[in-house]
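Participant: Before I ask anything, let me first share the structure, which is written out below as structure tokens.
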Amino acid sequence: MSTAAWDKAAPWVVGGISVACVIAAWEIAGVAELPVTTVLPPPSQFMAMVIESDFRIGLGSQSATLWESLTATFVRVFGGMLLAFVAAIITGAAISLSRFTTWCISPFLYLLAPIAPIAWIPTAIVVFGINNATAIFIVFMGVYFILTIGTLAEIRRVPAEYGTVAGNLGASRWQQWLFVVMPAILPGVFTLLRTNFIAAWMAVLVAEMVGLRDGLGAIIMMGRNLFNNELIMFGMLVIGVSGFIVDRSLALIGNRVLWWRV
Amino acid sequence: MEVVSESHESVFRLDNLTVNFPGQSGPVPSPLQGLNLDIRANEITTILGASGCGKSTLLRTLGGFVLPEDTGGVLYKKQFLTGPTTDIVMIFQENNLYPWLTVKGNVGFGLRFRKNAPKDLNKSVADMLSNVGLADAARAYPHQLSGGMRQRTAIARALITRPQVLLLDEPFSALDISLKRRMHSLIHKLQDETDISMVMVTHDVEEAITVGDRVLVLGGNPAGVLVDADARGPEMRDRYSKEYLNLQKEIEEVIF
């Protein structure tokens with residue numbers, strides 16, 4: 001294998017071996033029936049349980065397939081993130097185009113940003129009830145403020161010459177925003193969105209644990225209620241793997257589609 | 001806008017031009033205090049001067065990007081400039097190109113904002129690209145271009161909108177000497193073809209003489225024109241000619 005090919009493959013190979021070693025040690029602990037494996041059952045144990053139940057989790061009418069749980073969580077997290085992304089861009093535009101809007105909006109941004117998304121759950125349940133809107137709202141609140149503040153920082157980073165050149169070529173202020181500022185900030189805002197994905201992911205899982213009856217977070221709660229450690233471990237595995245895949249996918253989009261830097 | 005009589009040959013007339021910058025404890029004066037000067041149309045004027053002499057401020061004022069005190073100003077087409085206009089296009093030293101657009105996209109960028117844009121935009125862009133020798137690089141992105149290609153793209157983008165005046169702020173300062181000289185030839189070729197007025201600020205004496213039809217040296221505080229030389233003719237393009245060397249000596253004695 002050439003040096004370049006190895007440099008590319010090394011993180012995956014070494015990372016894979018590292019994970020395999022941990023799983024092997026975990027399985028050995030299970031075979032040795034160490035007490036810790038009662039709380040942390042090894043993969044062979046919890047995967048066997050889930051395969052046996054045909055990837056259907058839960059009891060009776062409240063049961064759902066793994067696919068349904070994944071879909072429910074993804075709809076919530078991506079719905080909230082998409083809304084937050086659009087809202088952050090619109091807020092950034094409004095603030096950068098008008099000083100009056102800046103004065104009106106800025107206090108709310110900086111007052112509400114430090115509030116953890118979990119703190120909004122009781123209010124959201126009262127306002128929206130126990131449904132998807134609540135979870136989407138929690139994700140939105142977890143991402144929107146950070147993303148908006150980041151968007152404003154990105155706007156300030158756009159070289160002044162970009163706007164000057166566009167204006168000089170005849171672009172109105174609105175056209176300068178649409179054709180210059182917007183494409184200039186998109187990669188940076190998308191990177192912020194990606195880094196905030198973890199926060200959004202955690203927010204939706206918490207919302208599913210405390211209120212909603214479906215989704216990946218609800219699998220963990222179901223495991224707790226049924227004293228089923230296998231189910232808890234399976235839920236954690238699915239959450240980890242899904243989060244990892246989404247993060248890598250977002251990174252790929254960022255590198256391939258929004259590749260430029262200003 | 002106040003209408004004032006203007007010399008027929010001038011593209012700009014600086015009438016008691018004073019520029020101050022806003023500061024925390026009142027206006028901060030620039031070296032441009034009551035400057036009077038005519039810049040002639042349809043030729044290349046190069047402006048030289050030591051750092052801080054106000055030449056870049058002057059160029060930005062000519063573009064309408066810096067507004068002078070209302071005791072005077074810059075007359076363009078018999079009217080005081082009150083801001084940037086699409087007639088006068090400026091090319092900066094850097095950050096001219098948009099990294100998310102190809103060369104073709106950058107060159108055609110300004111046409112979308114023009115009401116009188118040519119009907120066949122693709123053909124106009126293709127013609128302009130071949131005019132500046134970038135036909136083969138149409139699909140390249142700015143980070144894939146050399147410094148000279150980037151500045152040629154910026155020049156093409158400016159010229160495709162058919163401005164009356166092109167302002168160049170040290171556009172070739174980051175280029176190596178051979179590339180610089182090729183760019184100088186290109187500037188002459190484009191000026192001959194379009195007959196537009198060009199004003200270029202530079203630190204480089206050789207560049208000022210070989211590119212300019214007229215060389216102005218700014219200096220002093222308040223700034224004044226220390227040298228105003230006619231640099232037309234083939235002898236000024238020959239760096240070993242007596243005329244070129246005499247002018248170079250005269251300028252260097254004033255600047256250094």
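The values are calculated or read from the model by the stated rules, or taken from the named source; none is laboratory data. A quick note: this is a predicted structure, and the numbers were derived from the prediction, not measured. Glycine also receives a Cβ, built like all others from the backbone with ideal geometry; neighbour counts cover every protein chain displayed. These area figures cover heavy atoms from the full protein model, side chains too; ligands, DNA and RNA do not enter into them. Shrake-Rupley method; radii C 1.70, N 1.55, O 1.52, S 1.80 Å.
Participant: Stick to the Cα atoms of the protein assembly as shown, pair each with every other, and give me the Kirkwood hydrodynamic radius in Å at one decimal. Kindly include the intermediate steps, with their values, before the conclusion.
Facilitator: Details: mean 1/r = 0.0358 Å⁻¹.
That comes to 28.0 Å for the protein assembly as shown.
Participant: Per DSSP H run of at least 4 residues, take -39500 (n - 2.57); add these up for the protein assembly as shown, divide by its residues and hand me the 222 nm value, nearest 500 deg cm²/dmol. Spell out each step's value before the answer.
Facilitator: Working: 19 runs with 280 residues, N = 518.
So the calculated ellipticity at 222 nm is -17500 deg cm²/dmol.
Participant: May I pose another question? Once you treat every alpha carbon in chain B as an equal point and sum by Debye, what is log10 I(q)/I(0) at q = 0.08, 0.13 Å⁻¹?
Facilitator: The calculated log intensity ratios at q = 0.08, 0.13 Å⁻¹ are -0.32, -0.85.
Participant: Treating cross-link reach as a plain straight distance, find the aspartates and glutamates whose alpha-carbon is under 17 Å from the alpha-carbon of residue B:123, omitting any fewer than eight places away in the same chain.
Facilitator: B:136
Participant: Next question. Which residues make up the longest stretch of chain A clear of trypsin sites (Lys or Arg not before Pro) that lie in a DSSP loop with no more than 15 other Cβ atoms within 10 Å, not counting the sites?
Facilitator: Details: sites that count: A:213, A:261.
The longest such stretch corresponds to A:1-212.
Participant: Report P(r) for region A:61-257: all Cα-Cα distances, bin width 5 Å, range 0 to the bin holding the largest distance, values in whole percent.
Facilitator: Percent of Cα pairs in each bin: 1, 8, 14, 17, 16, 14, 10, 8, 5, 4, 2, 1, 0, 0.
Participant: Still on this model: Kindly report the accessible area of region B:1-96 per residue (heavy atoms of protein chains, probe 1.4 Å, no ligands, DNA or RNA), in Å². Please list the in-between numbers first.
Facilitator: Working: 4370 Å² over 96 residues.
Per-residue accessible area for region B:1-96 comes out at 46 Å².
Participant: Using a 1.4 Å probe over the heavy atoms of the protein chains, calculate the carbon and sulfur portion of the accessible area of the protein assembly as shown as a whole percent. Display every interim value, and only then the final one.
Facilitator: Values: 15430 of 25610 Å².
Its accessible area is 60 percent carbon and sulfur atoms.
Participant: How much accessible area per residue does region A:61-257 have, in Å², with a 1.4 Å probe? Numbers along the way, then the final one.
Facilitator: Numbers: 9220 Å² over 197 residues.
Accessible surface, normalised per residue, equals 47 Å².
Participant: Also: Would you mind giving the mean number of other chain beta-carbons within 10 Å of the Cβ of each residue in B:104-113, as a whole number? Intermediate results must be reported in sequence, preceding the final value.
Facilitator: Details: counts 0, 0, 1, 0, 0, 7, 6, 2, 5, 9.
Counting other chains' Cβ atoms within 10 Å and averaging over B:104-113 gives 3.
Participant: Here's a follow-up. What shape does region B:97-160 have by the C-alpha gyration tensor, where a ≥ b ≥ c are the square roots of the eigenvalues, rounded means a/c under 1.5, and otherwise prolate means a/b greater than b/c and oblate the rest? Numbers along the way, then the final one.
Facilitator: On the way: a/c = 1.93, a/b = 1.57, b/c = 1.23.
Prolate.
Participant: Could you order A:65, B:194, B:46 so the one with the most accessible surface comes first? Probe is 1.4 Å. Please report the intermediate quantities before stating the final value.
Facilitator: Working: A:65 35, B:194 65, B:46 0 Å².
Largest accessible area first, the list is B:194, A:65, B:46.
Participant: Let me ask another. If you average the C-alpha positions of region B:22-73 and of region A:197-262 separately, how far apart do those two centres end up, in angstrom?
Facilitator: A separation of 59 Å, based on Cα centres.
Participant: Taking region A:133-193 on its own, what percent of its Cα-Cα pair distances exceed 20 Å? Walk me through the numbers on the way to the answer.
Facilitator: Working: 704 of 1830 pairs.
Value for region A:133-193 (Cα pairs over 20 Å): 38 percent.
Participant: Report the accessible area of residue A:21, computed with a 1.4 Å probe over the heavy atoms of all protein chains in place, in Å² rounded to the nearest 10.
Facilitator: 80
Participant: Could you compute how much accessible surface residue A:51 exposes when probed at 1.4 Å, giving the result in Å² to the nearest 10?
Facilitator: 100
Participant: Tell me which chymotrypsin sites (Phe, Trp or Tyr not before Pro) from region A:31-118 have a DSSP coil assignment and no more than 15 other beta carbons within 10 Å of their own.
Facilitator: Working: sites: A:46, A:55, A:67, A:74, A:78, A:85, A:100, A:103, A:108, A:110; in loops: A:55.
Of the chymotrypsin sites (Phe, Trp or Tyr not before Pro), the ones in loops of region A:31-118 whose Cβ has at most 15 other Cβ atoms within 10 Å are A:55.
Participant: For the interface of chains A and B, what total accessible area is buried with a 1.4 Å probe, rounded to the nearest 100 Å²?
Facilitator: Numbers: alone 14810 and 12650 Å², together 25610 Å².
Chains A and B together bury roughly 1900 Å² of accessible area.
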